[in-house]
Amino acid sequence: MSRMVQCVMLKCEAPGLERLPYPGPLGQRIYENVSREAWARWVAHQVMLINEYRLSPVEPKARKFLEAEMEKFFFGTGSERPAEFKPAGA
């Protein structure tokens, strides 16, 4: 039986993550309030941000930016796509 959470993004009860997805208080908050489906959406969004902004996740400045975007994505106003982003096939 999957662990269920009241997902802040999907606004319904859904299967939760199996372990903390990120260290620290933000990771704990995500673990308690974000579903697997919503986390998968973040991962896809994060990949797009890394590619569009040409970020290197090993750089502290890039990690700080991605953490702030993650917080906005789940608990804030949402993380926006870069203005110049064009989805594949568009």
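The values are calculated or read from the model by the stated rules, or taken from the named source; none is laboratory data. Because the structure is predicted, anything quoted here is derived from the model rather than measured. No Cβ is skipped: glycine too gets one built from the backbone with ideal geometry, and neighbour counts run over all protein chains shown.
Could you list, in sequence order, all residues of region 57-90 that are loosely packed, with under 12 Cβ neighbours inside 10 Å and hydrophobic (A, V, I, L, M, F, W, C)? Result: VAL58, ALA83, ALA88, ALA90. Restricting region 1-56 to residues that are touching a residue at least 12 places away in the same chain (Cβ under 8 Å) and among the polar types (S, T, N, Q) leaves a set whose member that is surrounded by the most Cβ atoms within 10 Å (Cβ to Cβ) is SER35. The criterion of being on the phi > 0 side of the Ramachandran plot and basic (Lys, Arg) holds for ARG54.
Name the helices (runs of 4 or more DSSP H) wholly within region 1-88 that hold at least 3 residues that are of a type in the set (Asp, Glu)? Filter on region 1-88 gives 60-75.
Just checking, how many residues over region 59-90 are modelled with pLDDT under 95 and of a type in the set (A, V, I, L, M, F, W, C)? Qualifying residue count for the region: 4.
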